[in-house]
Amino acid sequence: MTPVDFTTFMRNYQDMVYSTAVRLLGNDAQAEDISQEVFLKAYERYDDLSTSPTAGGWLKTVTTNLSINHLQRYRKRWSFFSDLVHRDSDGEDSGEVEFAAPDGDFLADLNQGDRRAWVERALDELPDHQRVPLVLYHFEDMPYDDIARQLGVSLSKIKTDILRGRTALAQILMRSGTEHESLTAQR
């Protein structure tokens, strides 16, 4: 293995690794630390990873695991008292939260990069116990059961946190959409 080969490998995956970590951690500096740790692990396994068609998946899994471990180890412990789930008349959890986006003119003014930045800023405002399951579910396509197992909490807690996270995210997005609309109206 040459250092140039690994440098190229790292450059190919650095954005994915960093963006995964920052979404989960909500902190740029901590995401940089996790990214470094991921690539140190990748360097140790580079002979296998350099020819693996699943190298990206391996890097994403390692990034997710290290980020979650970091949250559990270094941040205040999550309160596990919110195991209550909103139930409908059949006793089932209430399911998806639909929320109205700000008016269509606002969204039409945003390109895909702006939309992504807008959502990521809103995600940063969520508490860890809502942001992490929400990111794992929507960005990493992880099922509820896997998220609960990964985070070491009950399935009902994960469903509740995702439900409440969506609601909080909708409020943040609507508020920031209104602020954006008022700023563009002043121009």
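What follows draws every value from the coordinates through simple rules; no lab data is involved. Only a predicted model underlies this, so the values are computations on that prediction, with no experimental measurement involved. FYI the Cβ positions are ideal-geometry reconstructions off the backbone, even for glycines, and counts take in every protein chain you see.
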Phi angles of the stretch 131-138, converted by Karplus (6.51 cos²θ - 1.76 cosθ + 1.60, θ = phi - 60°) into ³J(HN,Hα) in whole Hz with x for Gly and Pro, give 5, 4, x, 4, 5, 4, 6, 8
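Based on the alpha-carbon gyration tensor of the stretch 131-172 and its eigenvalue square roots a ≥ b ≥ c, which shape applies: rounded if a/c is under 1.5, prolate if not and a/b is larger than b/c, or oblate? Working shown, then result.
Numbers: a/c = 2.62, a/b = 1.54, b/c = 1.71.
Oblate.
Regarding the stretch 3-74, what whole-number volume in Å³ per residue does the convex hull of its Cα atoms give? Don't skip to the end; give the middle numbers.
On the way: hull volume 5.6 nm³, N = 72.
That works out to 77 Å³ per residue.
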From fewest to most C-beta neighbours within 10 Å, the residues Ser52, Ser67 line up as Ser52, Ser67
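Treat every Asp and Glu Cβ in the stretch 1-74 as -1 and every Lys and Arg Cβ as +1, leave all other atoms uncharged, and give the resulting dipole magnitude about the Cα centre to the nearest 20 debye. Walk me through the numbers on the way to the answer.
Values: 6 positive and 9 negative charges, 46 e Å.
Using only the charged Cβ atoms, the result is roughly 220 debye.
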Net +/- balance of residues flanking Gln171 in space, Cβ distance below 12 Å, scoring K and R +1, D and E -1
+2
Would you mind computing, in nm to one decimal, how far apart the modelled labels at Asn69 and Ser52 are, each placed 7 Å from Cα along Cα→Cβ?
1.5
